Amino acid sequence: MPELISIVAELPAIDFPATKTFCRDVLGGELLAEYPDFLIYKINGIELHYWLCDNKNLPEASSIYLRVRDIDGFYEKYKNSGHVVLSLETRPWGIKEFYLQDSNGILYKFGEDIS
């Protein structure tokens, strides 16, 4: 029987050097592969793929939601990075979350179910 084994985010980026700096220095990712128009990173065991685009509206309208354990630990790690655009807060629906934004405009939404 066919089986779905994973989902990998493919995000648009207009600035690969800035994307590489963000993934390496902020997220702590490992560059797995680099091509002229495609990057593959691994961050905490999760792959993120980036494709080069020339329309700044695409990354500015893109986001990824990362469900985590120990949201407080992730927030401590990133709170002074200069990329936090939504501070750590608990939502009425039982999710504690915060958001980062890279220089392309992509939102990285970190959340943990605390209900």
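The values are calculated or read from the model by the stated rules, or taken from the named source; none is laboratory data. Note that this is a predicted model, so its numbers are computed, not measured. Reconstructed Cβ throughout: ideal geometry from the backbone, glycine too, with neighbour counts over all protein chains shown.
Numbers below:
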read-out	value
Failed condition for V68, given (1) within 25 Å of E10 (Cβ to Cβ); (2) out of contact with any Gly (no Cβ under 8 Å at 6 or more places or on another chain)	(2)
Strands (runs of 3 or more DSSP E) completely within the stretch 56-107 that count 1 or more residues being in contact with a His (Cβ under 6 Å, 6 or more places away or on another chain) and either surrounded by 11 or more Cβ atoms within 10 Å (Cβ to Cβ) or touching a residue at least 60 places away in the same chain (Cβ under 8 Å) (or both)	95-101
Residue among I43, I5 that is within 12 Å of the chain's Cα centre (by Cα) and at pLDDT below 95	I43
Top-ranked residue of the stretch 14-49 - restricted to ones that are part of a strand (DSSP E or B) and of a type in the set (F, W, Y), ranked as surrounded by the most Cβ atoms within 10 Å (Cβ to Cβ)	Y41
Some residue of the stretch 20-36 being in contact with a His (Cβ under 8 Å, 6 or more places away or on another chain) and over 20 Å from S6 (Cα atoms)	yes
